[in-house]
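A short worksheet on the structure shown next.
What follows is calculated from the coordinates using simple rules that are stated; it is not laboratory data. For clarity, every value in this text was computed on a predicted model and none was experimentally measured. Quick reminder, even Gly has a Cβ in these numbers, built from the backbone with ideal geometry, and neighbours come from all protein chains shown.
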Amino acid sequence: MPAVLALAPALAVVALQRFVEWRYGTMGIVGLLLLTVGLKANNHTCSSIGAVILALMFAGPAM
């Protein structure tokens, strides 16, 4: 049972990454990667760059 509990979040993360890559392409994955690494490493610059890339990707068609 504990293996299933550990596997579920990992599958959710992989599914989110695949969706972002499918919907927003390579730059979406780069933005998500920078945001994730920045948050885990507590690096504000890296997480800010990732957040800006994702914001530009999401708002791109609206502009």
Going by alpha carbons, how many degrees (0 to 90, nearest 10) lie between the helix axis of 44-59 and the longest principal axis of the chain? 70 degrees
What distance in nm lies between label points placed 7 Å from Cα along the C-beta direction at Leu16 and Ser48? 2.3 nm
Cα shape, the chain, gyration tensor, a/c 1.5 rule: oblate
Which whole-number percent is the relative contact order of the chain (Cα, under 8 Å, 6+ apart)? 25 percent
